[in-house]
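Below is one structure, written out as structure tokens; the observations come after it.
The values are calculated or read from the model by the stated rules, or taken from the named source; none is laboratory data. Since this is a predicted model, take the numbers as computed values, not measurements. Positions of Cβ are backbone-derived with ideal geometry, glycine not excepted, and every protein chain shown enters the neighbour counts. Surface areas here come from the heavy atoms of the whole protein model, side chains and all, with no ligands, DNA or RNA. Shrake-Rupley method; radii C 1.70, N 1.55, O 1.52, S 1.80 Å.
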Amino acid sequence: IYSSWSDHHPGMATEYAASLASVQEAAERIKGAVTRTPVMTCGAISSRAGRELFFKCELFQKVGAFKFRGATNAVRKHVEGGGKGPLVTHSSGNHAQALALAAKDAGLQALIVMPSNAPTVKVDAVKEYGATVVHCPPIVEERVKFAQRLLDENPGSILIPPYNHPDVMSGQGTLILEFFEQVEGGPLDAIIVPVGGGGMLSGCCVAAKGLQPNIRIFAAEPLGADDVARSMKAGELIPQTAPKTIADGLLTSMGDLTWPIIRDHVEDVITVSEEEIIEAMRLVYMRMKLVIEPSAAVGVAAALSPSFRAKEGLGRVGIVLCGGNVDIDKL
């Protein structure tokens, strides 16, 4: 359902689906709707990592995650072009909330397919924003089928996927434009970005390299959902199969639009264990007093991992704390 975008835009095969220019356009489009989230530091975590860390706090974004950027950009661009609703998507949580609120802001209806195991806090939030939730079995293929059915049943409806879409990718990249402006004391040597489907990572790649060609980019991924690490090793897109991790925001496979950007811009994928993710989450709760979700802890765990600590020449590293929608009952 998402691989078809490039089929209908033949010129895009050799180009990337997002660029610094498209990210800058997105920043103008979503200005005023999204929150310019703070950048924070923590001496205790920096000293443990052995280098200076800067944290972009997207847990303070509307809906509690970076996803509101991409959803707002996609919805506003759709409306600019005269488009109407309903807007359809499938998501394990954060994109569902993001699209629900972006649709509400635009006065459009949203129909959202969510897996039966999605955190209750996320399902409730989607409903609170006025969207209709349709539950499906927790398998990517089923999500796609259910979404297609909604598109077929609702004439004039449009799909706004969680990551594999140019406007979504460009919207997510806007966090880097802010991050680079906000960091004090000179440029960053590297950024660490958690990866699931790659919408945020791909948008961050084109924005970061566009502004600062020498910056080094690292993806952070749970060992229990390591399709990006395996894809990079193989040099081809390997789909996610039976992922198992506490980081419920990172369960999806990359898309045909996100993968080429990631393949060509990311230096290394740092994989972390469930224990490392939980330890990083505890550390951020205790030391920074920030309620991050496990998916955000993956980036912190990567910075603290032996393989990343062994890398040379990285004095100043930016980490994206991508969201804070944690199921409190499961803590």
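Please pull out the direction-averaged projected area of region 32-135, using the convex hull of its alpha-carbon atoms, in nm² to one decimal place.
Mean shadow area of the hull around the Cα atoms is 7.9 nm².
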For the chain, size of Cβ-based charge dipole, Lys and Arg +1, Asp and Glu -1, in debye: 560
Grab the Cα-Cα distance for Ser116 and Asp264, subtract it from 0.36 nm times how many residues apart they are, and report the gain in nm with one decimal. 49.8 nm
Would you look at the GNM of the chain, springs on alpha carbons closer than 10 Å, and say which of Lys31, Lys77, Lys289 moves the most? Lys289
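I need the calculated FRET efficiency for the pair Glu142 and Glu184, taking r as the beta carbon distance and R₀ as 56 Å, to the nearest 0.05. Before the final figure, lay out each step's value.
Numbers: r = 47 Å, r/R0 = 0.83.
Calculated transfer efficiency: 0.75.
Taking the solvent-accessible surface of protein heavy atoms with a 1.4 Å probe, what is the per residue accessible area of the chain in Å²?
40
Only Cα pairs under 8 Å and at least 6 apart count here; give the relative contact order of region 166-322 as a rounded whole percent.
Numbers: 280 pairs, mean separation 44.5, N = 157.
So the answer I get is 28 percent.
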Most fluctuating residue given options Gly197, Gly85, Gly32, as computed from a GNM of the chain linking Cα atoms under 10 Å: Gly32
Region 54-151, relative contact order in percent, only Cα pairs under 8 angstrom and at least six apart counted: 24
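Could you grab the relative contact order for the chain? Cα pairs under 8 Å, six or more apart, rounded to a whole percent. All intermediate terms of the calculation are to be shown ahead of the outcome.
On the way: 701 pairs, mean separation 74.0, N = 331.
Relative contact order here is 22 percent.
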When the distances between all Cα atoms of region 190-310 are binned every 10 Å from zero, what whole-number percent does each bin get? 15, 46, 33, 6
Volume in Å³ per residue [convex hull over Cα atoms, computed for region 100-218]: 137
Taking every C-alpha to C-alpha distance in region 10-83 and binning by 5 Å from 0, the per-bin percentages run 3, 13, 16, 17, 17, 12, 11, 6, 3, 2, 0
Cα-only radius of gyration and Dmax that characterise the chain, units Å: 18.2, 56
Just round it to a whole percent: the fraction of Cα-Cα distances in region 161-254 exceeding 20 Å. 39
For region 43-91, average projected area of the Cα convex hull in nm²: 5.4
Between their Cα atoms, which of Lys122/Lys244; Lys62/Lys122; Lys56/Lys127; Lys31/Lys56; Lys31/Lys122 are more than 21 Å away from each other? Lys56/Lys127; Lys31/Lys122
Whole-percent carbon and sulfur contribution to the accessible surface of region 204-297 (1.4 Å, no ligands, DNA or RNA) stands at 54
What does the charge add up to near Pro162, with Lys and Arg as +1, Asp and Glu as -1, over the other residues with Cβ less than 11 Å from its Cβ? +2
Using alpha carbon centers only, region 84-100 is separated from region 254-326 by a whole-angstrom value of 25
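With charges set only on the Cβ (+1 for Lys and Arg, -1 for Asp and Glu), what does the dipole of region 103-180 come to about its Cα centre, in debye to the nearest 20?
140
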12 Å cut-off, amide nitrogen to a point 7 angstrom out along Asp327 Cα→Cβ, residues in region 233-249: 245-249
Taking N as the number of residues in region 280-331, what is its Cα Rg relative to 2.2 N^0.38 Å? 1.24
Please check which bits of region 105-125 a label hung off Asp152 would reach, taking the label as a point 7 Å along Cα-to-C-beta and the cut-off as backbone N under 17 Å. 113
Within the P(r) computed for region 76-124, what percentage of the Cα pairs occupies the region above 16 Å? 38
